[in-house]
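Working notes, beginning with the structure itself.
The values are calculated or read from the model by the stated rules, or taken from the named source; none is laboratory data. Please read these numbers as outputs of a predicted model, since none were measured by experiment. So basically every Cβ, Gly included, is an ideal-geometry build from the backbone, and we count neighbours across all protein chains shown.
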Amino acid sequence: MAREINSIDSFRFKLFLVMALVLMCHHAAFASDKIVIGASLPLSGPLAGFGGYQRWGYEAAVADINEKGGVSIKGEKRLVQLVVRDDKTDPVTTSRNVQTLINRDNAVALLGSCTPALVNAGGLMAERSQIPMVTGCSPLASFRSVRQWKYVWSIFFDEPDVAQAPFKMLQELAIPTNRKIAILHDNGPDGTAVGGEYWPKAAAEAGYEIVVKESFPIDNTQFGSMLMKAKDSGADIVLVNAITPQAVAIRKQMETAGLRPKVLFMEKGAEPEQFATALGKLADGVMVGSYWDPSFPYPGSKALGDRFERESGSSFSQHIADSYAAAQVLLDAIEAAGSVDRDAINTAIAATDKSYVVGPVKFAADHTSKIPTAIVQWQAGKPIVVWPQERTTGVIFAVTQ
């Protein structure tokens, strides 16, 4: 009897092993049919507000292509799998994530993170591995300054354009000021580029006087002394470049210090909805450089904005557009290549010449495709386009409220 039981148990065990092996082989075959692309994003840490929008944009583009059966490779449709890893707003983690996406997740191509520090960290790892990456959310001057890219491509605005935009707006709308400016910027790559170089140059060319120019570490939390300098200078215009947590802190501390300029730009940190949510009425009147709104005459713009608000219950962000477009460019390139070969995909990206949700995308020799700049102003929790005049969606507040 014991022998019969042992024999039955042995048979069951062998049957279990066979079934498990079959399932594993089936899973492997299923997984190999998918085209894996990867992204390392700031889903936590100071830039989580940006990363959440990017994830939505990337996932929406992948969902759309998969709804149509996937990407066509040699006449056969293959579904796309997007693997996202959290870089925690840390460049070192971004580099590690990209390595993992390539070596463990078997990604054939990549989508970028956000801000120069993170995009550059991931991009350099992609270059080393010779794997194509398409990114938004990386200002082009900072992107160009790193190296001559071979495998990484950026679709975004250019810092000189963003720096000139406030002065063009002030002149075109004839906003009266004493033409005195206080500049406060972080010491990160884009903060240094815009606040330390491009704003001063644009101000001088437009005939404005810089009376205060201060920089601060990217983890700074107290800004009282520089805000008092700005107040004492009597500047009507204050230009700030900082990430969102700092921008929120600066705006609150401005109110405490009694610093109420006629014109307030808070570049970078004032972009996501989290800025307006954290500040309430204090966000009203704050302006920030922009490049997309659902009202812009690009293919799918309105539908994308409506879709995000319907699915998320939150106000749209321009970052859903550059991330959605970056993913579309990459997916189109994979299909155009008709292959998952890295060099073939990279060559197809280089040949991109098409209008997407952010407008026309065509890469220059330096691997950049520029999005035209606009300006939005927070009004009652909504980003209202106030410049250029042909694209406005509301009337500008003449002074911060």
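Applying the set (1) in a loop (DSSP other than H, G, I, E, B); (2) touching a helix residue (DSSP H, G or I) at 6+ places or on another chain (Cβ under 8 Å); (3) free of Cβ contacts under 8 Å to residues at least 24 places away in the same chain to residue 344 leaves exactly one unmet item: (1).
Among the residues of segment 43-88, those that are without any contact (Cβ under 8 Å) to a residue 40 or more places away in the chain and at positive phi comprise 69, 70, 75.
Of the residues making up segment 185-216, those that are of a type outside the set (Gly, Ala, Ser), farther than 21 Å from residue 175 by Cβ and buried (at least 21 other Cβ atoms within 10 Å of the Cβ) are 185, 186, 189, 190. Given the residues 302, 252, 231, 281, which is the only one that is part of a helix (DSSP H, G or I) and outside the structural domain of residue 189 (by TED's automatic domain parsing)? When all the criteria are applied, what remains is 302.
Does residue 379 fit the bill of being assigned by TED's automatic domain parsing to the domain that holds residue 149 and crowded, with 18+ Cβ neighbours inside 10 Å?
Judged against the criteria, residue 379 is not a match.
Among the residues of segment 241-271, those that are farther than 28 Å from residue 174 by Cα and in contact (Cβ under 8 Å) with a residue 60 or more places away in the chain comprise 243, 244, 245, 246.
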